[in-house]
Every structure is written in C-alpha cells, then in structure tokens.
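The values are calculated or read from the model by the stated rules, or taken from the named source; none is laboratory data. Please read these numbers as outputs of a predicted model, since none were measured by experiment. Cβ coordinates were reconstructed from backbone atoms using ideal geometry, including for glycine residues, and neighbour counts include every protein chain displayed. Keep in mind that these areas ignore ligands, DNA and RNA; they rest on the heavy atoms of the full protein, side chains included. Shrake-Rupley method; radii C 1.70, N 1.55, O 1.52, S 1.80 Å.
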Amino acid sequence: MFKKTGLLTGALTLGLVLTACGGNDGGDNGGNDGGNNGGNGGENTNEEGNDADAGAENDGEGETVDVEPQEWRFVVEETQGQVQYVYAQEFADLVSEKSDGALEIDVYEFGALGSEVDQVEQLTGNVVEFAIISPGFTGTLVPEGNIFALQFLFTDDQELNQEILNDSEAINEHLAAKYEEQGIMPLSFWTEGAMQWTGNSELRTPEDFEGFQMRTQESPLILESYEAYGANPTAMSWGELYTGLQQGAVEGQENPIFFIADANFNEVQDHMTISNHNMYVTMTTVNPDFYEGLDEATQGIIDESIEEMRQRGFDIQQEQNDEFLSQIEDDDENPTEIYELSEDERDAFRELALPVRDYYRENGGDDAEMILDMLEEEIEEAGGTVE
Ligand code: 6CS
C-alpha cells in the first residue's frame, strides 16, 4: 500500500530545516494580497480568532520553524461547530503553533463565501488558499471523483475505511492527480462518518424509493445511484435543503447523523433509516500553484499539520456522530422514527447499487476503470469485501 510521498517528503524536510530556515523563496505567493477578488463581502466568522501572534513565544510543546509571516484563507462547507469547521480551526491552530504565529489562517464557514460549488471555484481561482471540498460537488469537473458516490463500496468499519483513504494508491496518487489537473490539490481524503437516509416516509426497501424526490449533491453518479433505486433525485445546495424538505420540494436526503441533527433536518423529516449505505468522504485541499510556490519549510508545516489532523479529523466526526444520535432520539418535540436496516434489507439495495460501478467505469472519465479496479483490490487487501 501507498503513503503520500509528497507529504512524507515535506514532513522529513521540515525536520531538516527546523529552526534553520530562511524566508519564503516562493516568490509569487507572498501574502496572496491580490487574491481576494471574489467580491464576497463575507466575513471571517471565526470569532475565537487565531490567537497566536507573529513573534509569540513558543509554548514549549513543540519546536517551531522560522518562516516568513503570511495570512491565508480556508473555506469549509459547514458552519461553526460542525466537523469541517472544527477540523479547519484545529488545523489553523497547528499551523500557527508550528510557525510560532507567523502563519495565520482565517477560517470561513459555509455561507460566508457562497455555495459549495462557488467554493470550488474560489480555490481553483486562488481566492482562497485552502478549502474543504466534498467530491460530491466536483463530479462534472473531475468525473473520476464520482467514485465516492458508489454505495456499498467501502466497508462498514469506519476506522478501516479511514485507513484505506489514508493509504490507497488509487485515491492518493491516481485520483489526486485528476484533481490536480483541475487546480485542486487534495492533501487528505477523510470520512465524516457513515451516511443515513431521512425521509418524510419510511425508506426500508427499494420500492420505498420508487418516485421518491431525493435531494443529493451535484455529482452525476450520486443521481445515477438513486435512479437505480427508482427515485427522482434533485441536486441542491445544503443551504436550501431545510426549506426544500419543509416545503416538500424534496422528500428526503442522505447525510451523516451529526449533520442531520445539527442542520435540524430531523425537524422536517419523520423517518431516519440507519442504512450505512455509504460514507461521507471529503477532502482537505490547497490551491496547487499557491502550494508549489511556498518554500520547503512552509510546505513542511502544512504537511505535518495535515498528518496530525488525520486522527483528529476521525475523532471529531466520531464524537459528533455519537453525540447527535442521542439528540435525535431524545427530541420529543420533533419525534423521528429511527429504523435500522437488517443485512438482508441492505442486500436488496446493494444488488441494485452494484451495476452503478459499471456505469462509473464507463462514464467516470479516462482513468475511472483503473482507479476503481485498484481501489476494489485495496479494499479487499485491507480485509473488506467488494461485492
Ligand atoms: O449534504 C451536504 O451537502 C453537506 N453535508 C455535509 C456532511 N457536509 C457539507 C455538505 O455540503
């Protein structure tokens, strides 16, 4: 299995240049002061702020690296307190600590700079340097990224899935290269937990999806996956989803439990099915021109922080998914009937989901077949079954 060589090289480099490095030799990225042309008017909603001042004393917990001060923007698809936001803030804190306050990252929550699709453009246009981007919003730009829409592909063990995401050559080398061609450099792929269905009616069998108005993210293969169950999927930003569910424009949706509860979708849905039909995969990304323009010491700080956030990202989502399940269960004002599918019931969906893999192989871009074949092997090697 493969580990991200770029990141490891960067982390090793960091060790070598520790305390010794000079300034930024990247030239064109200095401060990115021409960068914010998005006319966003969006405020940095990070009220806690990034409390490490340039020149602040090292707290003694770790060695710091002397780098040129810079201020960067990091946009996420979720709001304050939700998994992506907490992750980005912790990442910003790590980068600040490691640079003794010289590198400051302002985290922008969802909504501050537009929709999820707008945020993809902000990253590729270097309006922001960092973004958390879910492949579900890049399905047309990077067709191979549709792979994460394939239901019942990964295992039911989220920890094992995260290991596969960390180590997979198919994902970290071949799929990442496809993203890079489009101006998106994935630094890590990570899970926000297993996804569940909610509906204003029961969702237990494929028949329940017949004609069902399902909200999905933008990627063509997510729509294809629900069409395979007989549903009528509609792509929509999550910013419009609560109202869409409330007013009946759509009848159901899929998400990890923390998100269903924190976005209050359970208030406007009567049923939740524990289906574990897929996991929610997202990516921490950086603009490649910006990243490649940085000196090695600065890159090393980013790489090291990304590595340290792998386990933290997993823990943050796990804590929130556990905690929010009881919140939905205990919400007497907005009762939700929770039903867990049996393995036989899941098999009925699995059977319909399998042919979508062939659809992906044929329509998921030039490297789709190679990437999926390799990923299936990796999942099997890791102890999962792929059919
Ligand atoms: O359903 C969505 O579109 C949203 N779900 C999550 C877990 N994060 C952000 C995303 O946009």
Practice prompt. For residue 216, list long-range residues whose amide hydrogen, built 1.01 Å from N in the peptide plane, is under 5 Å from its own amide hydrogen.
Written response: 234, 235, 236
Worksheet, complete the sentence: Projected convex hull area of segment 171-306, Cα atoms, direction-averaged, in nm², equals 9.4 nm²
Worksheet entry | Computed FRET value (nearest 0.05) for residue 311 with residue 289, which takes r as the C-beta separation and R₀ as 22 Å | 0.15
Discussion item. I'd like the antiparallel share, as a percent to the nearest 5, of DSSP beta bridges with both residues in segment 15-387.
Written reply: 55 percent
Worksheet item: What area, in nm² and to one decimal, does the C-alpha convex hull of segment 15-387 cast on average over all directions?
Response: 18.5 nm²
Worksheet item: Per-residue HN-Hα couplings for segment 332-349, Karplus 6.51 cos²θ - 1.76 cosθ + 1.60 at θ = phi - 60°, whole Hz, x for Gly and Pro?
Response: 6, 5, 10, x, 10, 7, 9, 10, 9, 5, 7, 4, 5, 5, 5, 4, 4, 6
Worksheet item: Under the Kirkwood approximation for Rh and a Cα-based Rg, what ratio Rg/Rh is obtained for segment 224-380?
Response: 1.02
Worksheet item: At each listed q (0.12 Å⁻¹), what is the log10 of I(q)/I(0) that the Debye formula gives for segment 211-285 modelled as equal alpha-carbon point scatterers?
Response: -0.31
Item to complete: Taking every pair of Cα atoms in segment 85-129, average 1/r, invert it to obtain the Kirkwood radius, and report Rg/Rh to two decimals.
Response: 1.04
Worksheet item: Would you list 72, 238 from the most to the least accessible area, probe 1.4 Å?
Response: 238, 72
Discussion item. If packing is taken as the average count of other Cβ atoms within 10 Å, what order do 135-147, 314-326 fall into, highest mean first?
Written reply: 135-147, 314-326
Worksheet item: Under a point spin-label approximation (7 Å from Cα along Cα-to-Cβ), what is the residue 181-residue 369 distance to one decimal in nm?
Response: 1.6 nm
Worksheet item: Arranged from highest to lowest average of other beta-carbon atoms within 10 Å per residue, in what order do the peptides 342-349, 264-271 appear?
Response: 264-271, 342-349
